[in-house]
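The values are calculated or read from the model by the stated rules, or taken from the named source; none is laboratory data. Because the structure is a prediction, the values reported are computed rather than measured. Backbone-built Cβ (ideal geometry, glycine too); neighbour counts: all protein chains shown.
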Amino acid sequence: MSILVLLRHGESQWNLENRFTGWVDVPLTERGRAEARKAGERLRETGIQFSRCFTSKLVRAQETLRIVLEFLGPTDLPIEEDVALNERHYGDLQGLNKAETAAKFGEQQVHIWRRSFDVPPPNGESLKDTAARTLPYFNAKVRPALEHGENVLIAAHGNSLRSIVMDLDKLDERQVLDLNLATGIPIVYELGPALEILSKTILDGP
C-alpha cells in the first residue's frame, strides 16, 4: 500500500485580488501561509511518513510545501520541482481581475474559459492542455514511487491537481467541470498495489 497526498497551495496574493494567476509567480498571503501551517498540522496528525515530494516551479506551491514540511519533521526529503506541475497557463487573461474580465467578455464566455475541459482562453491552456503535460509527468515520476510503496506528497495548483484527480478518480470530461480543489486542504489517497483507490480522505476538519 502507498499514500498519495495532493495539496493545492495556500491563498496567493492574486487569489486574494481575484486575478487570473496562471504562471505568474506571486507569493502567498499571510492567510495562505496560515492555510499551509494548518495543512501541516493536519498531516502531522495522520502520522504519514513521506518518502519524497513533488512541486511546481512556482513559489506559491514551493512555499506551501516548505511550511508543511516544517510540521512533518524531516525537511530534507527529496523534492523534485517541475514545470509540468505548474498551474494552467491563462494566456491573455493572466493578471486580469476576474470580475472585470467577465464584464468585458461576458460572464458566459469567461465561464467557458474557466470551466470547460478543452476550450482555452486566448493564448492560454485548457484543462485538457494542462493534463497533457501533467499526467505524463505523473506517470513517469510519481507513479513508479507509489508502485514501490512510497508515500508521496505533491504540492501544486488547482488545475494541475484537477488533472491528477480526474485520472485517479476516473472522472469524465463533464464530471471534472464540477471539481474544485480548495486552497490548503490536503487530499489523502490510500492506494493498493495497482494504484487502485482504497480510500480517499479530504482533511478539511477543524
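Annotations for the structure displayed:
- The residue list Glu35, Glu30, Glu81 contains one member that is exposed (fewer than 14 other Cβ atoms within 10 Å of the Cβ), at negative phi and either modelled with pLDDT of 95 or more or touching a strand residue (DSSP E or B) at 6+ places or on another chain (Cβ under 8 Å) (or both), which is Glu30.
- Of all residues making up segment 140-166, the number that are acidic (Asp, Glu) and either touching a Phe, Trp or Tyr at 6+ places or on another chain (Cβ under 6 Å) or at pLDDT below 95 (or both): 0
- Exactly one residue out of Leu135, Leu93 is touching a helix residue (DSSP H, G or I) at 6+ places or on another chain (Cβ under 7 Å) and over 25 Å from Ala194 (Cα atoms), and it is Leu93.
For every residue, the table says whether it meets (1) in contact with a Ser or Thr (Cβ under 6 Å, 6 or more places away or on another chain); (2) surrounded by fewer than 16 Cβ atoms within 10 Å (Cβ to Cβ); (3) more than 30 Å from Pro122 (Cβ to Cβ); (4) among the aromatic types (Phe, Trp, Tyr).
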position	(1), (2), (3), (4)
Glu63	no, no, no, no
Val68	no, no, yes, no
Tyr90	no, no, no, yes
Thr101	no, no, no, no
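- Extreme residue, nearest to Gln175 (Cα to Cα), among residues of segment 116-142 that are among the hydroxyl-bearing types (Ser, Thr, Tyr) and outside any helix (DSSP H, G or I): Ser116
- Residues in segment 170-195 that are at pLDDT 95 or above and acidic (Asp, Glu): Glu190 only.
- Filtered by the rule that a residue be surrounded by fewer than 16 Cβ atoms within 10 Å (Cβ to Cβ) and among the β-branched types (Val, Ile, Thr), segment 179-200 gives a lone residue, Ile197.
- Condition broken by Trp113, with the remaining ones in (1) over 23 Å from Arg33 (Cβ atoms); (2) not in a helix (DSSP H, G or I) satisfied: (2)
- Test for Ser51: is it buried (at least 23 other Cβ atoms within 10 Å of the Cβ) and of a type in the set (S, T, N, Q): no
- Remark: pairs (first residue in segment 100-126, touching a residue at least 40 places away in the same chain (Cβ under 8 Å) and closer than 17 Å to His89 by Cβ; second residue surrounded by 14 or more Cβ atoms within 10 Å (Cβ to Cβ) and among the acidic types (Asp, Glu); Cβ separation under 9 Å; 6+ apart in sequence or on different chains) = Asp118/Asp129.
- Residues in segment 126-178 that are closer than 19 Å to Ile112 by Cα and among the basic types (Lys, Arg) were compared, and the one that is surrounded by the fewest Cβ atoms within 10 Å (Cβ to Cβ) is Arg174.
- Of all residues in segment 103-144, those that are among the hydrophobic types (A, V, I, L, M, F, W, C) and touching a Lys or Arg at 6+ places or on another chain (Cβ under 6 Å) total 1.
- Pairs linking a residue in segment 182-197 that is under 10 Å from Met1 (Cβ atoms) to a residue that is hydroxyl-bearing (Ser, Thr, Tyr) and in a strand (DSSP E or B), with Cβ atoms under 6 Å and 6 or more positions apart or on different chains, are Glu190/Ser199; Leu191/Ser2.
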